[in-house]
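Peer 1: Starting off with a structure, shown below.
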Amino acid sequence: MSKRILNMTLGGAAMSSGAVLVLSRIRTGPGVNCTAHWLHGEQAAKVEHLDIRHSLVGVATNAAAVFFWSWLYDKALGQKPTVMRAMIITALLGPVSCLIDYKATPKRFTPGWELVFPRADMVIIYFSMVFGMALGAIRQSPSTKNTKSPHA
C-alpha cells in the first residue's frame, strides 16, 4: 500500500468520523454507531452511547470504506496529476461516493448515516471525508515534501 493511500485514508477517516461525532453531539447521540448496522441491524442506530460493540465497529467500518475510496481516488489522480485534474477528481469524489454508497450498494452495507442524520448533515460528512482525503493526497505531493535548499 502506498503512503499516499494511507495518508488519504487516515485523513478521510479522521475528518468524516470527527464530523459524525460533532453532528451526533448536536443532533442525535453517537452517530458512529449507525455504521455498525451491517453487523447489528438498524437497532445499532438507536444505541445512544459510545460502546465497543457498536462504536468501534462503526468507526472501523467507516475507516475501511474510506480506504476503498482512497484507493480509487489514488488511481483516479494518477502519479503526478495536474492541478486541474486533481480539482476535478476531488470535486467528483464526494458525489460519486455518495451515489455509489446509497444507490448501488445493498441497504445493509450503506454507511447507515441516513438512519440518524438529515441529508444536509450527510453532505457535511461526505465533504469532510473528501477534504481529509485531499489533505492526505496533498501531504504526499512532491511539491509539499520538505527538501533542503541547495544554498543552505
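Peer 1: Take ALA64 and tell me if it is buried (at least 17 other Cβ atoms within 10 Å of the Cβ) and either out of contact with any strand residue (DSSP E or B) (no Cβ under 8 Å at 6 or more places or on another chain) or among the basic types (Lys, Arg) (or both).
Peer 2: Against the criterion (buried (at least 17 other Cβ atoms within 10 Å of the Cβ) and either out of contact with any strand residue (DSSP E or B) (no Cβ under 8 Å at 6 or more places or on another chain) or among the basic types (Lys, Arg) (or both)), ALA64 does not qualify.
Peer 1: Quick one: ALA36 ticks every box in (1) farther than 17 Å from VAL130 by Cβ; (2) open to solvent by 80 Å² or more (accessible area, probe 1.4 Å) bar one, so which box is it?
Peer 2: (2)
Peer 1: Oh, and also: Tell me, yes or no, whether the range 25-35 has at least one residue that is over 20 Å from ALA137 (Cα atoms) and charged (D, E, K, R).
Peer 2: Within the range 25-35, one or more residues are over 20 Å from ALA137 (Cα atoms) and charged (D, E, K, R).
Peer 1: Which of the residues spanning the range 103-121 are closer than 22 Å to GLY29 by Cβ and open to solvent by less than 80 Å² (accessible area, probe 1.4 Å)?
Peer 2: THR110, PRO111, GLY112, TRP113, GLU114, LEU115, VAL116, PHE117, PRO118, ALA120, ASP121, listed by residue number.
Peer 1: Then there is this: Need pairs with beta-carbon distance below 6 Å; first residue part of a loop (DSSP other than H, G, I, E, B) and within the range 123-152, second modelled with pLDDT of 65 or more and open to solvent by 60 Å² or more (accessible area, probe 1.4 Å); sequence gap 6+ or separate chains.
Peer 2: Close Cβ pairs satisfying both conditions: GLN140/LYS3.
Peer 1: Same structure again: Suppose we keep only residues that are touching a helix residue (DSSP H, G or I) at 6+ places or on another chain (Cβ under 8 Å) and open to solvent by 30 Å² or more (accessible area, probe 1.4 Å) within the range 52-61. Which one would you say is farthest from GLY136 (Cα to Cα)?
Peer 2: The extreme case among them is ARG53.
Peer 1: While we're on this one: Taking the options VAL83, VAL123, name whichever one is modelled with pLDDT under 95 and among the aliphatic types (A, V, I, L, M).
Peer 2: VAL83
Peer 1: Of these, ALA44, ALA104, which one is over 20 Å from MET15 (Cβ atoms), modelled with pLDDT of 95 or more and not hydroxyl-bearing (Ser, Thr, Tyr)?
Peer 2: Matching residue, one of ALA44, ALA104: ALA104.
Peer 1: Inspect all residues belonging to the range 70-83 and state whether any of them is under 21 Å from SER2 (Cβ atoms), surrounded by 19 or more Cβ atoms within 10 Å (Cβ to Cβ) and aromatic (Phe, Trp, Tyr).
Peer 2: yes
The values are calculated or read from the model by the stated rules, or taken from the named source; none is laboratory data. This is a predicted model, so every value here is computed, not measured. Cβ: placed from backbone, ideal geometry, glycine included. Neighbour counts: every protein chain shown. Protein only, heavy atoms only, side chains kept; ligands, DNA and RNA dropped before computing areas. Shrake-Rupley method; radii C 1.70, N 1.55, O 1.52, S 1.80 Å.
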